[in-house]
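What follows is one structure encoded as structure tokens, with my remarks underneath.
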Amino acid sequence: MAGAEFEEDEHEGGGESTCRAEDVLPRRSELRTSEDVMHPNPKIRAGEEGPAWAAGEEPPSGPSAAEVAVAAEDMRRCMQEFGVDLATVTQAFLKNSGEVAAAECCLRTGQRSDSCPLWDRQDDLDLQAGGDLLRARLVTKYGAENVNRRVAFRNS
């Protein structure tokens, strides 16, 4: 999710969006758990052991159904509170490492409450590249705590 955040950064044209929270975001009762979803390998059913992972390596995990439900509710509330579409709310969350308060501030004022800039695609690419020089530049720009949060967010 976090990796595709800046693909379409800006809305084209000046028309209003017809995207509504109730049409796009799932209701709590509609959310599925990992047990409800078929394994990508049809020979392995949900709940059965999947491919072996390297020694000491954890299998990739995603958010729980409860975490997804909370995120969907936060996004729905922001769409209604700020009168914006799903794409705008999604961009606010992605540019603020998924932090609700920072995304709300961004939707309200266009900037973060901590005066740090919003994350952009190039900075994510630099962070992903992993060089010490690039990371030091990002720490100067965003602060060590924000860089650490961004790494955690991108790995989620």
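Key figures for this structure:
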read-out: Peptides 109-115, 144-150, 134-140, 85-91 ordered by average Cβ neighbours within 10 Å, highest first; value: 85-91, 144-150, 134-140, 109-115
read-out: In Hz, Karplus ³J(HN,Hα) per residue of the stretch 149-154 (6.51, -1.76, 1.60; θ = phi - 60°; x = Gly, Pro); value: 5, 5, 4, 4, 4, 5
read-out: Potential lengthening between Ser156 and Asp132 on full extension [0.36 nm per residue; Cα-Cα distance subtracted]; value: 6.4 nm
read-out: Cβ-derived FRET efficiency at R0 35 Å, Ala65 paired with Arg108, nearest 0.05; value: 0.75
read-out: FRET efficiency for Leu125 and Gln80, using Cβ-Cβ distance with R0 set to 25 Å, rounded to 0.05; value: 0.15
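Every number in this text was worked out from the coordinates using simple rules, so none of it is lab data. Just so it is clear, the structure is predicted and the values come from calculations on it, not from any experiment. In this analysis, Cβ positions are derived from the backbone assuming ideal geometry, glycine residues included, and neighbour counts consider all displayed protein chains.
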